[in-house]
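*Asks:* Before I ask anything, let me first share the structure, which is written out below as structure tokens.
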Amino acid sequence: MTETTAEGRAYEISDGTWDPELVQVERGTPSGELLRRYWHPIARSTEAGTSPLNVRVLGEDLVLYRDRSGTPGLLHPRCCHRGTTLYFGRVEDNGIRCPYHGWLFAADGQCLDQPCEPDRGRNKASHRQPWYPVVDYNGLVFAYLGPADKQPVFPRFDIFEDMTEDEEIVIVDHFAFGGPTNAPCNWFQTHENAMDPHHVFILHNTISGPQFDPKLEIWPRIDWQAHSWGVTATQDRDLPDGTILHRITEVRSPTMRVIPTPTLSVLGKTNNLSWALPIDDTNTRVYAMLRKRKDEEAQGLPVYGNGKSWFDLTEAEHQVYPGDYETQVGQGPITLHSEERLVSSDRGVSMVRRLFKDQVRVVAAGGNPVGVGFSDEDAFVSLIAGNYIVGPNTDPATIPLWDA
């Protein structure tokens, strides 16, 4: 008789659970309320036009448009009059007109016209379509979906200031620098990946072959740092010429991740910043804003196999050359936190989770989360991520988060 071992069989596996404080995005949930205290990119600026656009953000279905005067508006789709959708509305000079009875709404929801009523609406000022404030910024439309009395100042980032005439800002909405625009999984499992530098050596080198600059094949010395606004990871690689590649990645609460170009096409401070947009609990979009010279190519994408991009791979090749999309979506629509076995190399992921959950509780207790400000002085944000070449004569004080 063959001896059998019962221990560890899949038959005994738990159904598993996920941590709601990390993954829920809808209004009224603790983590959803934290997310609503920040500005989020919801579309490219070019997508806000005179044809209304359905957008889904933080589990809410909304309509985005831009009136003919150039003002963008983000409204609840169900008309406050008789309930039809404004998706079929007509965009005019100063608002959007409902297709059913012609009520006209401005970007702040104010009803401007009721053509079927006496004097085109004697009481129109008392009617307002639910709305959210929006801001155009460098090619993206951002929205604030939280309580009005907690609305923070819109942030500006130092890497996009003082543009010269030969520079431009481009928007990249490929998932993780190479993959579909939308990912069918929870936003947080894509977000925490930015503080997992070990996967660069394994996934992006050993398993799928070198996808980035060959210098990233060198095993680095890794450390993580906690800040009031987020978490950083530093990776130091000893280069053959005696210099050190000092690489810093950055996560800022709640959805920003700053990953300097892994192709090392930009040395020094990063030229790009990314946001994870939680569409709902099981869908995510990633937007990257990138500064470059007009005569240069945009951010390089990972290459797989014989120089193919993610979009050129066959299904079989995706198995041979997995990337961030496969490994993050492969965790399921919402990863099962109860079934994970975190170890020492996951320290950065644990730090990101702890920071986020701490801020969920701050908001639940009535406080203001980190990374929001309410004055013009608070609007300016200075990033530190980048690819820094540290030479023997480099002044350590000029290199962020580096101890000589």
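*Asks:* Within the bounds of the range 377-385, is there any residue that is under 18 Å from ASN193 (Cα atoms) and touching a His at 6+ places or on another chain (Cβ under 8 Å)?
*Replies:* First, the residues of the range 377-385 that are under 18 Å from ASN193 (Cα atoms): 385.
Keeping just the survivors that are touching a His at 6+ places or on another chain (Cβ under 8 Å) gives none.
No, every residue in the range 377-385 fails to be under 18 Å from ASN193 (Cα atoms) and touching a His at 6+ places or on another chain (Cβ under 8 Å).
*Asks:* Further question: Does ILE42 fit the bill of being surrounded by 15 or more Cβ atoms within 10 Å (Cβ to Cβ) and under 29 Å from PHE374 (Cβ atoms)? Show your work before the answer.
*Replies:* On the way: surrounded by 15 or more Cβ atoms within 10 Å (Cβ to Cβ): yes; under 29 Å from PHE374 (Cβ atoms): yes.
Yes; evaluated as a whole, the condition is true for this residue.
*Asks:* Still on this structure, I have one more. I'd like to verify a number: residues in the range 73-106 that are surrounded by 22 or more Cβ atoms within 10 Å (Cβ to Cβ), under 20 Å from THR46 (Cα atoms) and out of contact with any His (no Cβ under 9 Å at 6 or more places or on another chain), how many?
*Replies:* 6
*Asks:* Residues of the range 250-271 being over 14 Å from MET289 (Cβ atoms), in contact with a strand residue (DSSP E or B) (Cβ under 6 Å, 6 or more places away or on another chain) and among the hydroxyl-bearing types (Ser, Thr, Tyr), which ones?
*Replies:* Scanning the range 250-271 gives a single hit, SER253.
*Asks:* Go over the candidates ALA125, ALA143 one by one and state the one that is buried (at least 17 other Cβ atoms within 10 Å of the Cβ), touching a residue at least 12 places away in the same chain (Cβ under 8 Å) and hydrophobic (A, V, I, L, M, F, W, C). Spell out how you get there, then give the answer.
*Replies:* Values: ALA125 fails: buried (at least 17 other Cβ atoms within 10 Å of the Cβ).
Answer to the selection: ALA143.
*Asks:* Having 1 or more residues that are more than 27 Å from the chain's Cα centre (by Cα) is the bar; report the strands (runs of 3 or more DSSP E) wholly within the range 25-123 that clear it. Before the answer, list the steps.
*Replies:* Values: elements: 39-44, 53-57, 60-66, 72-75, 90-92, 95-97, 111-113.
The strands (runs of 3 or more DSSP E) meeting that bar are 90-92, 95-97, 111-113.
*Asks:* Can you name the number of the only condition in (1) crowded, with 18+ Cβ neighbours inside 10 Å; (2) under 30 Å from ASP108 (Cα atoms) that PHE154 fails?
*Replies:* Single failed check for PHE154: (1).
*Asks:* Let me ask something additional. Scan the range 248-268 and give yes if some residue there is over 22 Å from the mean Cα position of the chain (by Cα), farther than 19 Å from LEU401 by Cα and not hydroxyl-bearing (Ser, Thr, Tyr), otherwise no.
*Replies:* Scanning the range 248-268 turns up no residue that is over 22 Å from the mean Cα position of the chain (by Cα), farther than 19 Å from LEU401 by Cα and not hydroxyl-bearing (Ser, Thr, Tyr).
*Asks:* LEU401 is checked against (1) within 30 Å of ARG37 (Cβ to Cβ); (2) free of Cβ contacts under 8 Å to residues at least 40 places away in the same chain; (3) touching a strand residue (DSSP E or B) at 6+ places or on another chain (Cβ under 9 Å); (4) outside any helix (DSSP H, G or I) and fails just one. What number does that condition carry?
*Replies:* Here LEU401 clears every test but (2).
*Asks:* Related question: Could you look through the range 124-149, keep only residues that are in a loop (DSSP other than H, G, I, E, B) and in contact with a His (Cβ under 9 Å, 6 or more places away or on another chain), and pick out the one that is nearest to THR255 (Cα to Cα)?
*Replies:* Taking the range 124-149 and keeping what is in a loop (DSSP other than H, G, I, E, B), we get 127, 129-130, 133, 138-139, 145-147.
Pick out the ones that are also in contact with a His (Cβ under 9 Å, 6 or more places away or on another chain) and you get 127, 129-130, 145.
Working: HIS127: 35, GLN129: 29, PRO130: 25, LEU145: 14 Å.
If we take residues in the range 124-149 being in a loop (DSSP other than H, G, I, E, B) and in contact with a His (Cβ under 9 Å, 6 or more places away or on another chain), then LEU145 is nearest to THR255 (Cα to Cα).
Residues are listed down the side, and each one gets a yes or a no for (1) part of a helix (DSSP H, G or I); (2) in contact with a Cys (Cβ under 8 Å, 6 or more places away or on another chain); (3) at pLDDT 95 or above; (4) crowded, with 16+ Cβ neighbours inside 10 Å:
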{"site": "ARG347", "(1), (2), (3), (4)": "yes, no, yes, yes"}
{"site": "VAL352", "(1), (2), (3), (4)": "yes, no, yes, yes"}
{"site": "GLN359", "(1), (2), (3), (4)": "yes, no, yes, yes"}
{"site": "PRO392", "(1), (2), (3), (4)": "no, no, no, no"}
{"site": "ALA397", "(1), (2), (3), (4)": "yes, no, no, no"}
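The values are calculated or read from the model by the stated rules, or taken from the named source; none is laboratory data. Everything numeric in this text was worked out from a predicted model, so none of it was measured. Here Cβ is always computed from backbone atoms with ideal geometry, including for glycine, and neighbour counts include all displayed protein chains.
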